[in-house]
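> Can you keep this structure in mind? I'll have questions shortly.
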Amino acid sequence: HVQLTLDRVYTYEEYVAWCADNEVFPHWTALCYWNEEDKGYTTGSDLIGFRTFSSSIGVQFDDETYPYLTKFSLSEMEDETTFASEDITKQHVLSMLRYTQDAPTFYEMMQEQTPDSLQYWEASIEKNGLFIYGFTVTAQKEELERLAALDAITYIYTDPAV
């Protein structure tokens, strides 16, 4: 996977439009949130994001408590080139945060996160919406060169293939 950082923080709608305009199809989208106290965007020490398109496995969960918890829940509404609406994606992210806080097994897997930090994420996303600062892709050299040439890309990090 290749990690790309954007030139600024984008709202969800700006990000979706930018991806469409530039024919970018991310695998995973990196989120930040608005910190009221510091009056700025932050991730804290957390790395929070969401799978951009479908292809998750099915998981048993209470879909009334955690609507759109998995991207599999969204698979009938989107394909590999169509983003879910902002409202649905926001609900998906909020459900993931709530489920993680309510399920000790999943919570223990997220080593860096603390209950307080996930609550900050939840409160900010609920109030302010989704903010994006980067994404990941898997691509060949030519596509990576095209992405690197886009004005909105400020940083690219690649993991060596194993």
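> List the residues whose amide H sits under 5 Å from the amide H of Tyr41, counting only those 5 or more places along or on another chain, with H placed 1.01 Å from N in the peptide plane.
Answer set, sorted by chain and number: Asn35.
> Cβ under 15 Å from Thr154's Cβ, Thr154 left aside: what net charge do those residues give with Lys, Arg +1 and Asp, Glu -1? Write down the numbers at each step before the final one.
Details: positive: Arg8; negative: Asp7, Asp151.
Charge balance in the 15 Å sphere: -1.
Values in this text are rule-based calculations from the coordinates and carry no lab data. Just so it is clear, the structure is predicted and the values come from calculations on it, not from any experiment. In this analysis, Cβ positions are derived from the backbone assuming ideal geometry, glycine residues included, and neighbour counts consider all displayed protein chains.
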